[in-house]
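Below is one structure, written out as structure tokens, with a few remarks after it.
The values are calculated or read from the model by the stated rules, or taken from the named source; none is laboratory data. In this text, all values refer to a predicted model and were calculated from it rather than measured experimentally. Glycine also receives a Cβ, built like all others from the backbone with ideal geometry; neighbour counts cover every protein chain displayed. Keep in mind that these areas ignore ligands, DNA and RNA; they rest on the heavy atoms of the full protein, side chains included. Shrake-Rupley method; radii C 1.70, N 1.55, O 1.52, S 1.80 Å.
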Amino acid sequence: MSWIVKDLWKELDEHREEYALQLSRSSPKAFAIIGDIAARVGVRWGLIVQVNLPAGARNARESIGHENLSLLIEPGRKKFEHSTESEVRRHLEMLGSSQLKSIAGYEGFQARLDSGRIDCLPGGVHLWCTITPQVLDFLDRIFTNVYGFTAPVGTI
Amino acid sequence: MRKVIVAVSDLFVQSRVLQIAHTQGIDAEIAETPLNLPKSTGQQLIILDLDSSDYDPYQVARQLKALASPPILFGFYPHVKADLKSRAEQVGFDHVVTNREFVSYLTRLIAEWKNESP
């Protein structure tokens, strides 16, 4: 999974001129361009990639794509298919979360980290945190073990 | 030769342990159930899941600690089940950590262990 995030970062860098000025003016056009870039990356790898821009996000211009990211395999899925909820709990605890909240109607958790929050659901993950090397490592493991997502040869 | 043995069926934990051990240059292997644990355990660090539904880690620990050359036992548990810690310590686990502490503690432990005299 880290290869998809890194691909997104590369695409955002390569197309920065197309949205940087608009983003500095908080123009909706910038958000549309960034959304299109994320969507293209998602199509390339077979999942939904969303760069979220929540109101009041800090340092949005510098950190775009490096936090507030959603990686969705099957939005709306309610139960984990390849793993149990207790295994998912363990994965999140091993990432460093000591505060996990259940999510009504779904398996999975909202996990509080020092750098923000991860929502880990049967359909994918929402990363409301800084995407550190540890988070990338977590994504690689969880997408393989929990979502059954296979890395293309040579990507990790 | 020193070796880390992970007796945990969770692939995530297995891959974590193998990565930590290999990074430190220590041999590691997977025993998916304690039935596969070796009878000679000197110079071994065995990792057991204190919250396992596949086996009884406390019974396994008692058996391993009764051997002539017992291994170092390392157990981990979810912090919401704090009672598992005292149960583990009672049966002789040498190291007991929460899931959250698992990676950093094991990394430090293996680094120290490989530098200790046999």
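Take the conditions open to solvent by 60 Å² or more (accessible area, probe 1.4 Å) and more than 21 Å from A:Ile4 (Cα to Cα) and apply them to A:Gln110. Does it pass?
Details: open to solvent by 60 Å² or more (accessible area, probe 1.4 Å): no; more than 21 Å from A:Ile4 (Cα to Cα): yes.
Judged against the criteria, A:Gln110 is not a match.
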Open item on the list: Can you tell me how many residues within the stretch A:90-115 are closer than 16 Å to A:Asp137 by Cα and at the interface with another protein chain (Cβ under 8 Å from one of its Cβ atoms)?
Closed with: 6
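If you scan the stretch A:122-134, which residues turn out to be under 12 Å from A:Leu92 (Cα atoms) and surrounded by fewer than 23 Cβ atoms within 10 Å (Cβ to Cβ)? Spell out how you get there, then give the answer.
Initially, the stretch A:122-134 is screened for residues under 12 Å from A:Leu92 (Cα atoms), giving A:125, A:134.
Answer for the stretch A:122-134, where residues must be under 12 Å from A:Leu92 (Cα atoms) and surrounded by fewer than 23 Cβ atoms within 10 Å (Cβ to Cβ): just A:Gln134.
Among the residues of the stretch B:73-102, what is the count of those that are closer than 27 Å to A:Leu92 by Cβ and either assigned to a strand (DSSP E or B) or more than 14 Å from every other protein chain (Cβ to nearest Cβ) (or both)?
First, pick out the residues of the stretch B:73-102 that are closer than 27 Å to A:Leu92 by Cβ: B:73-89, B:93-102.
Right, trim to either assigned to a strand (DSSP E or B) or more than 14 Å from every other protein chain (Cβ to nearest Cβ) (or both) and you get B:73-77, B:83, B:85-89, B:93-98.
Total satisfying the criteria: 17.
From the list A:Gln50, A:Gln22, which residue is out of contact with any Leu (no Cβ under 6 Å at 6 or more places or on another chain) and touching a residue at least 12 places away in the same chain (Cβ under 8 Å)?
On the way: A:Gln22 fails: touching a residue at least 12 places away in the same chain (Cβ under 8 Å).
Every option except A:Gln50 fails the conditions.
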Task: Cβ-Cβ under 6 Å pairs, at least 6 apart or on other chains, the stretch A:26-40 side without any contact (Cβ under 8 Å) to a residue 12 or more places away in the chain, far side surrounded by 13 or more Cβ atoms within 10 Å (Cβ to Cβ) - done: A:Lys29/A:Gln22; A:Ala30/A:Tyr19; A:Ala30/A:Gln22; A:Ala30/A:Leu23
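Would you call A:Ile37 modelled with pLDDT of 95 or more and assigned to a helix (DSSP H, G or I)? Working first, answer last.
On the way: modelled with pLDDT of 95 or more: yes; assigned to a helix (DSSP H, G or I): yes.
Against the criterion (modelled with pLDDT of 95 or more and assigned to a helix (DSSP H, G or I)), A:Ile37 qualifies.
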- [ ] Count, please, the residues in the stretch B:1-29 that happen to be under 15 Å from B:Leu73 (Cα atoms), away from every other protein chain (no Cβ under 13 Å) and not charged (D, E, K, R).
- [x] 5
